[in-house]
Structure formats: C-alpha cells, structure tokens
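Below is one structure; the comments refer to it alone.
The values are calculated or read from the model by the stated rules, or taken from the named source; none is laboratory data. Quick caveat, the model's predicted, so the values are computed rather than measured. For neighbour counting, all protein chains shown are included, and Cβ atoms are generated from backbone atoms with ideal geometry for every residue, glycine included. Remember, those area values only see protein heavy atoms, side chains included, never the ligands or the DNA or RNA. Shrake-Rupley method; radii C 1.70, N 1.55, O 1.52, S 1.80 Å.
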Amino acid sequence: MRSVNREDGPVKVTGAARYAADHHPEGLAYGYLITSTVARGTILGMDTAPAERAPGVIAVYTPFNPLRLHPYTQADTAELLPPLQDDRVCYYGQVIGLVVAETFEQARDAAALVTTRYDAERPRASFTAGLPNATPPSGGTPETDVLAPGVTSIDEALAASDVSITETYTTPAETHVAMEPHATVASWTGDRLTVHTASQGVRLPVERLTESLGIDAAQIHVINPYVGGGFGNKWGTWAHTPLTAAAARALGRPVKTVLTREQVFTVIGHRPITSQTVSLGAAADGTLVAVKNDGISSKSAANDFYESVADLSLALYGSANLHVSRKVVTMDVPATTIMRAPAESNGSFALESAMDELADALGMDPLDLRLKNDTPSHPVSGLPWSSKHLEECYRVGAERFGWSRRSPRPGTVTDGDWLVGLGMATATFGASRGEASIEVRLRDDGRAVVSGAAADLGTGQSTVFAILAAEVLGIPVDRVTPVLGDSATPPAAKAGGSGSTSANGPAVRLAAEAAKEAVVKLAAEHEKSPFRGEAVTYADGEVRGGGDAMPFGELLALLGVPEVEVTATSPRHPRREHAFRSFGAHFCEVRVNRWTGEPRVARWLCVVDAGTIVNVKTARSQIAGGVVMGIGQALLEDLRIEPDTGRFGNATMADYLVPVNTDIPPIDVEFLNYPDTVLSDLGARGIGELSIVGAAGAVANAVHNATGRRVRDLPITLDKLL
Amino acid sequence: MEHGDPSLRSSSESAANRLVEVTCTVNGTARSLRVDPRATLLDTLRERLELTGTKKGCDRGQCGACTVHVDGRRVLSCLTMVATLDGREVTTIEGLAEGDRLHPVQRAFIDQDGFQCGFCTSGQIMSAVALLREGHASTDGEIREAMSGNICRCGAYPNIVEAVKQARS
Ligand code: FES
Ligand code: FES
C-alpha cells in the first residue's frame, strides 16, 4: 500500500493555503448577519435607523428592505427558502438581516444596534413532547417489512424466537463544528460573479446562486480549493451565500460575510434527534430470526431532511424477518441536515448496543453473535455483496486487540480506581460509484495538471488525484498538480456519501490513460516530431519509438505545443447485480472511574474492509478522525434545545463539547485492502464515514462491560454512570 | 417583544471615531498602525496585514485556531486587542519557516500527517512550538494535555502527538 505525504502539506503548515475568508478583493466591504431571537413568529418591524447612521455602514438589509432573491427550485440539504423574502421566523437564530460596512468591526457593532419587534408564537421545541404526534415522513416510505414465508408479522416472528430483547435508544441533536466557520466572498465584474465559499462541491453553490440570483450558471465562478472541514455541513448552500452575492451586486463592490461561531450553530443545520425502539429475536444458537426497529427523527420546519435512522437494521445482519418504520417529529429549530454517516451513525448506536444486549441474554460472546449473523448477501434485496471481508475484520481485530482477555462478567476487571471494559461493534457504510469527469493536461514543462470540481475537505482527495495520475503517467507524484474546488473544471464527484475516491479515482485513471494516448498520437503524427511515422509507445513518462525515447515535456517543448489536454468521464455504476458496502470492526477499551463515573477511552483498534486503499497515510488519518468524532458522539456531544424558547442553549465551542487531544487515546488502524473489482478496476470504495458508524456502540458496549451499566441515551456522561 | 443591546450604542459610536496608534513587530518587520480600538490582533492580522494564515475558529478564546506568539509566548489573538501591543513582538505561522526551510515542527506535521483540513493547523503548530520551548513535552500525556487548548475537529490528535514527539527529538 502506498503511503504518501499530502500534496497540500507545505501550504497548510505555512499558513499559505487560502480558505474562503482569506480572500480580499480590491474594495472589499464586510457583511455581518443579524439573526432572530425568537424561534417562531412574525417580524412586526425592525428599527435600522441607528445602524444606518453608525460609522462606516453602507447598507442594512432586512425583510422590509430586502435583497431580492428568487425561490430555490431544487431540493438541497439546507433550507427550502432564501433569506429575507418574508417576515416569518421559523427558528431561533434565523437570518433576518445583513449589515454591510467598511470594516468588520463597524458591521458587527452596527448589527447590534438593530432592534426587532416580533409577534412571537410558542415554538415546537421539545422532541419528547412531540413524540406522541410523530408522523410518517411526507414523500418517504413509512415502513419496510421482509417476512419469511408463512409469517404474517414481525411481532409473530419475535414471539416465536427462543430469546428476544426490546429496548429504546435515543440520541441528541449534534452539530458538525467544522473548524472553519462558513464564509462567502462575492465579487462582480460586470454581470459575472466570482465567489469564494467553503463547499463540499463547488458546483453546489453555482446551482443555488443560479436559482436565487436569476443568472446563468456560466456567469458564476466558484473557486475554493481549501475547505476547513465539512462533515456534511458544507454540502447545502446556506443563507449567507446568496445574500452576500446579492449585496455585492446591489452595492457594486465585493462583500465578505463570515459567520460567527454562534451563527454557524443556527444558520447552518444540525444532525437531528433520534429515537429507536429495537427488538431482536434469535434462536438459541444466536441466529437472528427477527429484527425490528421503529425509528423516529426530528425534522426542522425549515426543511425536509430527517434521518431514516432505523434503516441500517435492514442491511447489517442477516435475518429471515425484518421490519423498520420511519417517523418524524417536526420542530421549530434550525435546519436538520446531513452529518457524517447520516442515519447510519445513530442507527448503529442502537443496533450495536442491542446486539450486545441480545448476546447477554443468550449468554454468548458479542463477537461470536456477530460472526454468526454475518451475511453474504443484502438481507432485503438478496443481492450478493460485491466484496465483503467482515469476518476477517472481526478475526484479525480480535487477535490484535486481545479480545480473548475480555471478561464475560461486567464490572469484574479493575485497575486501581478504574473499572476496565472492552467493547466492540461493526463499522459499515454504503458504497457507490457515481459519474465523474476529469481533465488531464500534460505540459511542456513535464508536469501534469489533473482537474475536476471535486473537494478536499481534509480527506486527502487532492493527493489521491496526484497519486493515481502519477502512477498511470509513470512520473513522480510531485510532478502532478491537482486542481480541485474550481467550478470551471469538469464535473467530478463532490465530497459526500463517501463517494469521492470511488468515482473520481477511476476517472483520473481514465483521463490519464487518454492523455497518454493523445501524446502518443501527437508524437506519431506531428510534422516536427522525431517519432513521426514510427510505432510510438508511452512508458515511464516518456514517448518511445524507433529505438529512441523522450520525456513528454521535452517532446511538447520541441514541437512548440504548450500542452495536451484531454477530458474523460467515468460512468456511474448501475448496481443492479450486487450490493455494495464497506465494513470494519471496532474494538475499544474504556475505563470508568469508580468514584466519579468519568469514562475515558484508553485504546482503540479499527480493522477496515473498504476495498483498495489509495494512500494509506491519509486513509489512516481519516479513519482515526471518524473514530474521534464517534468518541465525541459517545461521550460528549449534545446540542441542547431549550424547550420554552427553541434556542440552542450551548451554541458555543466551550459549551458544545467535542473531543480535545487529551480525550483521545492512540488509535490503531488496519486495512485489509481487498480491491472491490466489481465496483471498479481501481477497487476503492470509500472511507469518509465508515469509521464513525459503530464507534458509539463500541464505547457503550465497553462501558457496560466495565460497569454493568447499559446506557441507552447518548452521550454517556458520568452522571449516567454514578 | 424588543431585542437589541442598547448599551452597545454609545460605546460603538464614540469608539469608532477614535483610532489608536500602535507600533509593533510582526514576523520581524516593524509595523506602525492606526487601529480601531475594537480591533483584535486576529482581525488586524487577517484583514489589515493580509496575514491570513492565522485562523478564526470561534473569536472567543475557545478553540485555539488563532494562536500566535507575542514576545515568544503563545496567546490567543482573538482575545488580544491590538491596541495593547505597542512595542511588542508578534510571530505568526507565516514567520516560522526560514525562506523555504520549514521549521522542524512544520516538517513534523507533514511527516506525521498531523492535520487533515488544515484549518486548526496554524494554531496547533504555534502551540507546539511554544510548548516544546517551554519544556512541556516530556511524555505523551503531557503533550496531549498541553495541546488540549487547540481543537481539531478532523481528529488528527494522535498524529499531532507524534508530530510533537518527532520535533522534540
Ligand atoms: S479563534 Fe481564538 S480561540 Fe478560537
Ligand atoms: S485539521 Fe481540520 S480541524 Fe484540525
């Protein structure tokens, strides 16, 4: 397996990488958002006069003096309506105004001078209170059942099983807290718009801006190669982006709007609250015979996204009878949106906890129960998995981690003041191969430029471009320049659904092959070519023929051709004959202080079956990063909604806890590296989301093994262990 | 219902009209600035001096992304008013390498893959440089504790510890 340093390492460690907010076009003005202080109601009026009189203020936009934005026409993971177009408030912290001033300080302080009068209504802000009135999602499938012949209901199958358990698992709202707050810098030259904005795919804001500004996509150029983390919250295009672009157009000068951290919590969406009631029924030998999961997700009134949180229960373990249902509780809270492994991360917490509870009831080792129910085909469709080595993940992991040392009796292993427990869980995430187009340019300086409107959110995607192109072209990796995050380049796969490398990887290889062919053809046909008329081949970065060889750069220079440019498109995989998923196994050791109840993760191993790993160095980091976020989910993260006001009560980085360095133990990552040749020649599936799935379940299982306490409500804080 | 903070009104109006003279050194270069008294060192670096390597993650002293050195000590530039820096020496991430020669900590972050998105990285590196100088990096536990003021949401923590250890040796 290759292990290559990130190609963007030098610019990232020297501060030279320019993120969205780092741009300063000539004549820049500063935007500052005004956000609502009620969660539901109508804005009666806004007194903007003091702000308009404040030094440096250029404009104050509100619903009463709006920038005209057209309705969005396509669904997105963000809000359904553009900001400021009416006087309704549907959540606390909604954008209700924009101040533009000469400096940031002036804009910020002027925004604080605006007073707003509301006709406030009582918000629907309690998930628990909304549960009795949960409704099937509009446009979604409310229930899915798979029943064995002769079985009439899932409950019948459960009743007929030798052993069964039923428990309810709940997870709080969470939020991404990508380190880079959202920012948009917009400048117009005539009727052409240039935008720097953090996005998981630069074509996404182009679409939104086309709709809302009423201009052609061809007039919009989004350039943003460096993104300070996404995790789902830079997929949707949020209110500040069209607003800033419209302000720049109205004022005839560039405008930069950077969200404050507090604004990021509400202007940008969050992961919904979920509840799952899981029943598992098994034969005495551990074979699952019934899996039932009734899942409920919160959903914002401002958009349609919710988590189909129970669905993972249909895919992970084989069972003759399966049932899941989906319901939503609509709340007057900021947009609900995708966050790393949407639905599956919460879904796995419930399923993986329930598997351990079933193992307990059966008197079986939890690892043996999982081995028993490993399935060679998708439990619902019956399609065989394209490539699945989950059993090997379990066995390799158990051996390497020392699983045999786990005490089957909880609460019996101690080390001084600490109760020690081991836990494990299955990691998994769906895989696909989307369509992707990539351009390769071979230049007369011997370099290759590989471009596509993909995004590197810290994933290592740009380095993957360089590695794969270099390999096909037979040149060193550092002679390849990857160009990502530019909407003017071909439509490569965006960074979402763990589908970047699986789609863009094959496209990079195709385009590089095509570039080789193009330079061979040029060598054989160009009138000034020394290879003219020869049988020309290409190897190791050189064109060869008639016993001679020349690096492609030299040849191009000789011919006076500055570059050879080709674009290739790798098609979407139809996925008709196989099911596709990545798999893995988590093993962890958790220590719980016997006096304070404080849980600490002491050790972690994740064994990964995700197909070909293109760059083991960055892949290991990405898997570890997912585990870190999973530890946060398990032990810390909890976005609190005040039931009376609908306000997030802990919307700062000091109050919404995410892991810090000292919370994280060494994380061991092992890749099996079996190419998934059904998915593509490259054989890479995807790893962005895989390792957060199962992580919280593994922690919960280890906490139970340490203490005998089963916590079914995340996060597992010390008060629940006392 | 009425919202807005009236106490901010008078202060903002008067403050905005008064500028403060500050002379300080930034990455070895003397700078004389007339600054808004409300301006933080962070915003001044980023918006006035175009030294955008220092990042704003929270603007409230909660994340560490804005860490720089003032007179060799690590400070949070979002909590440092630039008006207080007369005669002081500021070093940012841009002032660490000598020409093309990376500082050993920068080199170690690349070698150990001590970052993913890179947004927290300037702050992590400035903290790491200072804690090595302070001698607070003798054990893994000490490094993890001393680096815990710098949040990395990408979760590069184990590699950051390895990078600090590489730079230490
Ligand atoms: S920006 Fe200064 S600590 Fe977060
Ligand atoms: S590298 Fe992304 S936040 Fe640290």
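Just a few scattered comments:
- Qualifying residue in region B:74-81 (condition: in the same structural domain as residue B:20 (by TED's automatic domain parsing) and either more than 16 Å from ligand 1 (Cβ to nearest atom) or closer than 20 Å to residue A:227 by Cα (or both)): no
- Some residue of region B:21-28 being within 16 Å of ligand 1 (Cβ to nearest atom), in a strand (DSSP E or B), open to solvent by less than 10 Å² (accessible area, probe 1.4 Å) and not β-branched (Val, Ile, Thr): no
- Residue check for residue A:348: buried (at least 24 other Cβ atoms within 10 Å of the Cβ), without any contact (Cβ under 8 Å) to a residue 40 or more places away in the chain and out of contact with any Cys (no Cβ under 9 Å at 6 or more places or on another chain): no
- Restricting A:91, A:61 to those that are of a type in the set (Ser, Thr, Tyr), part of a loop (DSSP other than H, G, I, E, B) and either crowded, with 21+ Cβ neighbours inside 10 Å or on the phi > 0 side of the Ramachandran plot (or both) reduces the list to A:91.
- Subset of region A:240-269 that is away from ligand 1 (no atom under 16 Å from the Cβ) and of a type in the set (Ser, Thr, Tyr) - its residue that is surrounded by the fewest Cβ atoms within 10 Å (Cβ to Cβ): A:266
- Hits in region A:601-629 - residues which are within 7 Å of another protein chain (Cβ to nearest Cβ) and over 19 Å from the mean Cα position of the chain (by Cα): A:617
- Any chance residue B:107 is surrounded by 18 or more Cβ atoms within 10 Å (Cβ to Cβ) and over 22 Å from residue A:14 (Cβ atoms): no
- Search result, residues across region A:312-324 that are in contact with a Ser or Thr (Cβ under 8 Å, 6 or more places away or on another chain) and either in a helix (DSSP H, G or I) or of a type in the set (Gly, Ala, Ser) (or both): A:312, A:314, A:315, A:318
- Exclusive hit being at the interface with chain B (Cβ under 10 Å from one of its Cβ atoms) and either modelled with pLDDT under 95 or assigned to a strand (DSSP E or B) (or both), set A:1, A:46: A:46
- A count restricted to region A:630-642 and to residues that are in a loop (DSSP other than H, G, I, E, B) and more than 14 Å from chain B (Cβ to nearest Cβ) stands at 3.
- Put simply, of A:524, A:495, A:512, A:455 the only residue that is outside the structural domain of residue A:684 (by TED's automatic domain parsing), in contact (Cβ under 8 Å) with a residue 12 or more places away in the chain and closer than 14 Å to residue A:439 by Cβ is A:512.
Conditions (1) among the aliphatic types (A, V, I, L, M); (2) surrounded by fewer than 21 Cβ atoms within 10 Å (Cβ to Cβ), marked per residue:
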residue: A:372; (1), (2): no, yes
residue: A:376; (1), (2): no, yes
residue: A:388; (1), (2): no, no
residue: A:425; (1), (2): yes, no
residue: A:435; (1), (2): no, yes
residue: A:456; (1), (2): no, no
residue: A:469; (1), (2): yes, no
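- Some residue of region B:61-68 being within 13 Å of ligand 1 (Cβ to nearest atom), at pLDDT 95 or above, closer than 22 Å to residue A:24 by Cα and surrounded by fewer than 24 Cβ atoms within 10 Å (Cβ to Cβ): no
- Selection over region A:84-117 of residues that are facing chain B (nearest Cβ under 7 Å) and under 29 Å from residue B:82 (Cα atoms) gives a count of 8.
- Residues within region A:643-679 that are away from ligand 2 (no atom under 16 Å from the Cβ), open to solvent by 10 Å² or more (accessible area, probe 1.4 Å) and in a loop (DSSP other than H, G, I, E, B), tallied: 17
- Cβ pairs under 9 Å, 6+ apart, first in region B:154-165 and within 25 Å of residue A:181 (Cβ to Cβ) and free of Cβ contacts under 8 Å to residues at least 60 places away in the same chain, second of a type in the set (Ser, Thr, Tyr) and open to solvent by less than 10 Å² (accessible area, probe 1.4 Å): B:154/A:621; B:155/A:621; B:156/A:621; B:156/B:121; B:159/A:621
- Just so you know, in region B:128-150 the residues that are under 19 Å from residue A:179 (Cβ atoms) and buried (at least 24 other Cβ atoms within 10 Å of the Cβ) include one that is nearest to the other protein chains (Cβ to nearest Cβ), and it is B:147.
- Close contacts from region B:53-73, counting a first residue that is hydroxyl-bearing (Ser, Thr, Tyr) and a second that is more than 14 Å from ligand 2 (Cβ to nearest atom), with Cβ to Cβ under 7 Å and a gap of 6+ residues or different chains, come to B:54/B:42; B:54/B:45; B:54/B:46; B:54/B:68; B:54/B:77; B:54/B:92; B:67/B:74; B:67/B:76.
- Region A:8-40 - residue that is in a strand (DSSP E or B) and touching a Lys or Arg at 6+ places or on another chain (Cβ under 8 Å) and, of those, nearest to the other protein chains (Cβ to nearest Cβ): A:30
- Test result for residue A:123, away from every other protein chain (no Cβ under 14 Å) and in contact (Cβ under 8 Å) with a residue 24 or more places away in the chain: no
- If the condition is being more than 8 Å from chain A (Cβ to nearest Cβ) and either open to solvent by less than 40 Å² (accessible area, probe 1.4 Å) or of a type in the set (D, E, K, R) (or both), then region B:92-104 contributes B:95, B:98, B:100, B:101.
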